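The values are calculated or read from the model by the stated rules, or taken from the named source; none is laboratory data. As the structure is a prediction and not an experimental result, all values here were calculated from the model. Glycine also receives a Cβ, built like all others from the backbone with ideal geometry; neighbour counts cover every protein chain displayed. The accessibility values were calculated without ligands, DNA or RNA, using every heavy atom of the protein model including side chains. Shrake-Rupley method; radii C 1.70, N 1.55, O 1.52, S 1.80 Å.
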Amino acid sequence: MRYIEPHAHMVSRTTDDYERMALAGCEAVCEPAFWAGFDRSAVQGFHDYFSQLTEHEPKRAAKFGVKHFCWLCINSKEAEDVKLAEEVIALVPKFLNRPNVLGIGEIGLNKNSKNELRVLEMQVDLAAKFNQLILVHTPHLEDKLKGTKLILDVLKNDKRIKPERVIIDHVEEHTVEMVLDAGMWAGMTLYPETKCTPARAIDILEIYGNERLWLNSACDWGVSDPLAVPKTALEMKRRGHLEKTIEKVIFQNPKKFLGQSKNFKL
């Protein structure tokens, strides 16, 4: 069954992963800008990273018949350095005309600090000025509920932001309802150890329905699985979900949201 992987950090993965994803039916992978596993010390590092996402990674994916798209930003883990964040945000518009760029992301919060909030507001402003889609990272574990509320407040307070053009990622049982009630999209991340297991994600789908929800692996350099989406589709089939329902969640839903960007073409 065909699917879209809407959130994966492929610069940290091997070509074997691209091959396995292609064999499993992956037609497109979307890569949000994120942390490199260490804090970058200068804006030049982000320039090279954005070049990697927009020039080099699409070529690597194309060798396996997978289309590669990306998002650009400074991530929340590096947002404590506001001066660096300002320099990176000033750099982003130079890359927005690249043909595989979908929008601004993954912005958000990590520790819910004042500096992170300030940088979040700056990047929401950037997205509004350039009419870009927004992908948001929500904090982990005990900080997730508070962080999600703070993020929603920032987005709601900017009247230029259309909720249907925002995806709030890494939702769990205690945050998904508030995101959907705000009119935004919700992403469920399938991790072996944290975030959602396939069973929990399917439970959420069975409780809240399949509108404005998608599944992603967010695979990176940590413990993660680039095949988490097709494996969850298989579990949905085992639990009696119809094929058209499964395809809606793993293909049609991300296609509908991402299709709001003129660059997203399959």
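Tabulated results
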{"read-out": "Rel. contact order, % - alpha carbon contacts under 8 angstrom, at least six apart, the chain", "value": "20 percent"}
{"read-out": "J(HN,Hα) series, the stretch 218-227, from Karplus relation 6.51 cos²θ - 1.76 cosθ + 1.60, nearest Hz, glycine and proline x", "value": "6, 4, 8, 7, x, 6, 7, 9, x, 9"}
{"read-out": "Expected 222 nm ellipticity per residue - DSSP helices of 4 or more, -39500 (n - 2.57), all of the chain, to 500", "value": "-11000 deg cm²/dmol"}
{"read-out": "Under 5 Å, built H, 5+ apart or other chain: amide partners of residue 30", "value": "5, 7, 8, 69"}
{"read-out": "Rounded FRET efficiency, nearest 0.05, which uses the C-beta distance separating residue 225 from residue 158 and R0 of 35 Å", "value": "0.50"}
{"read-out": "Positive minus negative residues near residue 212 (Lys, Arg vs Asp, Glu; Cβ under 15 Å)", "value": "0"}
{"read-out": "Vicinal HN-Hα couplings computed from phi for the stretch 74-80 (Karplus, 6.51 cos²θ - 1.76 cosθ + 1.60; Hz; Gly/Pro x)", "value": "9, 6, 5, 5, 10, 8, 5"}
{"read-out": "Accessible area of the chain divided out per residue, in Å², using a probe of 1.4 angstrom", "value": "43 Å²"}
{"read-out": "The stretch 13-97, relative contact order [Cα under 8 Å, separation at least 6], %", "value": "38 percent"}
{"read-out": "Evaluated over the stretch 17-84, the Cα radius of gyration and Dmax, each in Å", "value": "14.0, 44"}
{"read-out": "Value of Rg/Rh across the stretch 55-138 [Cα atoms, Kirkwood radius]", "value": "1.02"}
{"read-out": "The stretch 126-235, Rg to Rh (Cα coordinates; Rh as Kirkwood inverse mean 1/r)", "value": "0.97"}
{"read-out": "Expected-Rg normalisation [2.2 N^0.38 Å, Cα atoms] applied to the chain", "value": "0.93"}
{"read-out": "Additional length obtainable on full extension of the chain from residue 238 to residue 143, 0.36 nm per residue less Cα span", "value": "30.9 nm"}
{"read-out": "Part-to-part distance (alpha-carbon centres) for the stretch 19-34 and the stretch 115-168, which is given in Å", "value": "25 Å"}
{"read-out": "Potential lengthening between residue 82 and residue 256 on full extension [0.36 nm per residue; Cα-Cα distance subtracted]", "value": "59.2 nm"}
{"read-out": "Segment residue 42-residue 194, length gained on full extension (0.36 nm per residue, minus Cα span)", "value": "51.6 nm"}
{"read-out": "Note, ³J(HN,Hα) from phi for the stretch 133-142, Karplus 6.51, -1.76, 1.60, rounded to Hz, x at Gly and Pro", "value": "5, 10, 10, 10, 8, 9, x, 8, 6, 5"}
